[in-house]
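First the structure, in the form of structure tokens, and then the observations on it.
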Amino acid sequence: MGASYLLAIDVGNTQTTFGLFDLDAGGVTADDGLVDHWKVATQLGRTDDELAGLVGSFFRLARVDLDDLGGVAVCSAVPRFLTTITGMVERFTDLAPTVIGPGVKTGMPIRYDNPREAGADRIANAVAAYELFGGPAIVVDLGTATNFDIVSDRGEFLGGAIQPGLEISLDALTRSAAALADVELRVPSSVIGTSTVEGLQSGAMYGYAASIDGMVARFREELGQDATVVATGGLATLISPVASSIEHVEPHLALHGLRIIHSRNT
């Protein structure tokens, strides 16, 4: 078998996602060509040897030979961990990883005051959203933080907004209020909670959904036109049923963006 697989690595503040793509498979959705995917906790103390062991076990689970790896693409929201990732790739393969950052062709103009400040994960999401759905588009990335990334109808990254993530907000509330206990994140039976737990769940779920819908409305107003809304991130499937503005959910949006950007640089 020839070298026909791409390992895409999306390093987030809380979790790192690995995706294995079959480069010979085309497709127009984020899952097309995706052989398998895995998530691990982002731990700064991990060494490149530990990461290599994890990746090796992932390949064995997927029944793919490491020798068939034809490329690696990385985006990272954690600069310190990026060094470990690239060290692992360079030590255990003969490949030069495609790392989203200055000098890498993304195919997307970045209309930020300082383009170097635009997060690599945000660029990967924006590139994938435009490829899959066209523009204008609004990406809502529901992770440790919630990122709103705006793509113009001409495929430009315009910027967006960043707000504390749902879990961070809820954790801060329960830590600061002694009478409030930790609750399971789920949609309650009613917006009007009839217990403290349901009240917290309603505020968290419906309140956060309303925040997303409100931000989307403001973005559309400022753009002066409609825009497709795509949700991604660990909480996307949880929030999307109660956020009326979300039209599409693509859990692997950043991985798809990495696949596209890798192809543009090889």
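Side notes on the structure shown:
- Just one of (1) among the hydrophobic types (A, V, I, L, M, F, W, C); (2) in the same structural domain as residue 14 (by TED's automatic domain parsing); (3) in a loop (DSSP other than H, G, I, E, B) fails for residue 108. It is (2).
- Of all residues in the range 171-185, none are over 16 Å from the mean Cα position of the chain (by Cα), in the same structural domain as residue 237 (by TED's automatic domain parsing) and closer than 30 Å to residue 226 by Cα.
- Here 89, 140 are screened, and the one residue that is modelled with pLDDT under 95, touching a strand residue (DSSP E or B) at 6+ places or on another chain (Cβ under 7 Å) and not acidic (Asp, Glu) is 89.
- Scope the range 108-160; condition over 16 Å from the mean Cα position of the chain (by Cα) and charged (D, E, K, R); matching residues: 111, 113, 116, 117, 153, 154, 156
- Flag for residue 104 being farther than 26 Å from residue 163 by Cβ, of a type in the set (Val, Ile, Thr) and surrounded by fewer than 18 Cβ atoms within 10 Å (Cβ to Cβ): yes
- In the range 135-147 there is no residue that is surrounded by 22 or more Cβ atoms within 10 Å (Cβ to Cβ), under 16 Å from residue 262 (Cα atoms), assigned by TED's automatic domain parsing to the domain that holds residue 251 and out of contact with any Ser or Thr (no Cβ under 9 Å at 6 or more places or on another chain).
- Residues of the range 3-44 satisfying the condition of being of a type outside the set (A, V, I, L, M), modelled with pLDDT of 85 or more and more than 24 Å from residue 122 (Cβ to Cβ): 4, 5, 22, 36
- Here residue 230 passes the criteria (1) over 15 Å from the mean Cα position of the chain (by Cα); (2) surrounded by 15 or more Cβ atoms within 10 Å (Cβ to Cβ); (3) in the same structural domain as residue 120 (by TED's automatic domain parsing) except the one numbered (1).
Residue-by-condition table, conditions (1) surrounded by fewer than 21 Cβ atoms within 10 Å (Cβ to Cβ); (2) of a type outside the set (A, V, I, L, M); (3) out of contact with any Cys (no Cβ under 9 Å at 6 or more places or on another chain):
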{"residue": "223", "(1), (2), (3)": "yes, no, yes"}
{"residue": "234", "(1), (2), (3)": "yes, yes, yes"}
{"residue": "241", "(1), (2), (3)": "yes, yes, yes"}
{"residue": "246", "(1), (2), (3)": "no, no, yes"}
{"residue": "251", "(1), (2), (3)": "yes, yes, yes"}
{"residue": "262", "(1), (2), (3)": "no, yes, yes"}
{"residue": "265", "(1), (2), (3)": "yes, yes, yes"}
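- Scanning the range 51-60 turns up no residue that is part of a strand (DSSP E or B) and modelled with pLDDT of 90 or more.
- Residue 193 vs. criteria in a helix (DSSP H, G or I), without any contact (Cβ under 8 Å) to a residue 60 or more places away in the chain, surrounded by 16 or more Cβ atoms within 10 Å (Cβ to Cβ) and more than 22 Å from the chain's Cα centre (by Cα): no
- Within the span defined as the range 143-164, every residue fails to be among the β-branched types (Val, Ile, Thr), in contact with a Gly (Cβ under 6 Å, 6 or more places away or on another chain) and in a helix (DSSP H, G or I).
- In the range 165-190, the residues that are hydroxyl-bearing (Ser, Thr, Tyr) and either at pLDDT below 80 or not in a loop (DSSP other than H, G, I, E, B) (or both): 169, 174, 176
The values are calculated or read from the model by the stated rules, or taken from the named source; none is laboratory data. All values derive from a computational prediction rather than experimental measurement. Note that each Cβ is placed from the backbone with ideal geometry, even for glycine, and that neighbours are counted across all protein chains shown.
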